[in-house]
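The values are calculated or read from the model by the stated rules, or taken from the named source; none is laboratory data. Quick caveat: nothing in here was measured; it's all calculated off a predicted structure. Please note: Cβ atoms are built from the backbone with ideal geometry, for glycine as well, and neighbour counts cover all protein chains shown. With ligands, DNA and RNA removed, areas are computed over all heavy atoms of the protein, side chains included. Shrake-Rupley method; radii C 1.70, N 1.55, O 1.52, S 1.80 Å.
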Amino acid sequence: MNSLSLLIWGLISQFFSPRHNAQIRLLKAQVRILQERLPSQRVIASPEEKSELLRLGADFDHQINDLIMIVKPNTYRRWLNQSSSGKPFGRPRLTQELRDTVICMAKENLQWGYRRIVGELKKLGLYAGANSVKRILNEAGIHPEPEKSKPTPPLPWDTFIKAHLETTLACDFFSKVRP
């Protein structure tokens with residue numbers, strides 16, 4: 001019975017092996033064609049996609065050097081080391097407290113742009129990159145750059161005199177400087 005089952009298994013594997021290999025070649029060709037059409041050669045996988053690739057790679061004991069095509073094998077190994085050490089994929093998100101501080105600063109200081117807010121955060125000992133602050137403001141519906149007002153017209157003469165009356169009276173307009 002044992003030799004008969006091995007014979008049947010051998011015949012079935014011989015029947016499906018060429019078809020299976022052809023499917024793999026077809027899938028690899030499709031991946032190669034899609035990669036050629038990408039504007040850049042870099043594929044950025046989401047954390048869910050990384051986890052799925054790691055789960056599927058576990059079926060091959062993570063010996064994927066000839067199989068993986070969308071990222072380099074070194075990248076896959078780095079993901080594997082990250083997941084085994086318990087680190088989450090990607091950069092840590094900014095805290096909600098920092099987000100609230102950025103939004104509060106922008107609402108209270110309408111003339112501040114996102115770069116100014118980054119500088120003020122540094123003075124407070126908080127750190128957020130300029131692009132992160134810009135993204136936070138956009139998500140909150142706040143324009144990241146202040147509205148540029150039109151240049152103000154020159155100050156009228158009577159307004160200038162009223163503003164500087166005290167210092168103007170202290171000046172001596174009746175002296176003549178001798179050459």
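Quick one: in segment 1-55, of everything that is hydroxyl-bearing (S, T, Y) and more than 23 Å from W79 (Cβ to Cβ), which residue is surrounded by the fewest Cβ atoms within 10 Å (Cβ to Cβ)?
Among those that are hydroxyl-bearing (S, T, Y) and more than 23 Å from W79 (Cβ to Cβ), it is S3.
Which residue out of R25, R115, R78, R32 is under 30 Å from E145 (Cα atoms) and of a type in the set (K, R)?
After ruling out the rest, the residue left standing is R115.
Which number in (1) at pLDDT 80 or above; (2) under 24 Å from the mean Cα position of the chain (by Cα); (3) of a type outside the set (V, I, T) marks the one condition that L27 misses?
Of the numbered conditions (1) at pLDDT 80 or above; (2) under 24 Å from the mean Cα position of the chain (by Cα); (3) of a type outside the set (V, I, T), the odd one out for L27 is (2).
Give me the residue from segment 64-89 that is part of a loop (DSSP other than H, G, I, E, B) and open to solvent by less than 50 Å² (accessible area, probe 1.4 Å) and, out of that set, farthest from Q35 (Cα to Cα).
Of everything passing the filter in segment 64-89, F89 is farthest from Q35 (Cα to Cα).
Note down all Cβ pairs under 8 Å where the first residue falls in segment 35-49 and is outside any helix (DSSP H, G or I), the second is modelled with pLDDT under 80, and they're at least six residues apart or on different chains.
Q41/Q35; V43/Q35
Mind counting the residues in segment 90-105 that are open to solvent by 60 Å² or more (accessible area, probe 1.4 Å) and assigned to a loop (DSSP other than H, G, I, E, B)?
4
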